[in-house]
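Reviewing the structure listed below.
The values are calculated or read from the model by the stated rules, or taken from the named source; none is laboratory data. The structure displayed is predicted, hence computed values, not measured ones. No Cβ is skipped: glycine too gets one built from the backbone with ideal geometry, and neighbour counts run over all protein chains shown. What goes into the accessible areas is simple: the full protein's heavy atoms, side chains included, and nothing from ligands, DNA or RNA. Shrake-Rupley method; radii C 1.70, N 1.55, O 1.52, S 1.80 Å.
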Amino acid sequence: MMRRAGTWTGLLGVLAAIALVVGACNEKTTKVKDLLADPGKYDGQTVRIAGDVQNSIGALGYGAYEVNDGTGTLPVVTEGGGAPSRGAKVGVEGTFRAAYTLGVESRAVIVEKRRVTR
């Protein structure tokens, strides 16, 4: 009986380790509509968004593209690595910069630090 208890303890330890790794890989994203609804709250903060690339332009390693997550569209600028092609599915981590808010319209941009293309 002691041997079975040790096996269960080992199995539970392995399952806990797997759950920890999976949780660390599942990074939380922020909805674009939330970023634009309260740009001052996120200004200068590292944020993550995910969605489809709508427009894209790049030259000499720099680029800019728009990401639509279904709740809104936000421009992303790159300082290296160019821009993904239109229609690509991306996850982006970067610094949120609130440019201005005029009435109900907010303009902002994310300065890309890291990108994952799916």
Express in nm, to one decimal, how much length is gained between THR29 and ASN55 on full extension, taking 0.36 nm for each residue of separation and deducting their alpha carbon distance.
7.3 nm
What spacing in nm lies between the two simple spin-label points modelled at ALA99 and THR46, each 7 Å away from Cα in the Cβ direction?
2.5 nm
Tell me, what is the 1.4 Å probe accessible area of ASP34, in Å² to the nearest 10?
60 Å²
What nm distance separates the two modelled labels at ARG114 and THR71, each placed 7 Å from Cα along Cα→Cβ?
2.1 nm
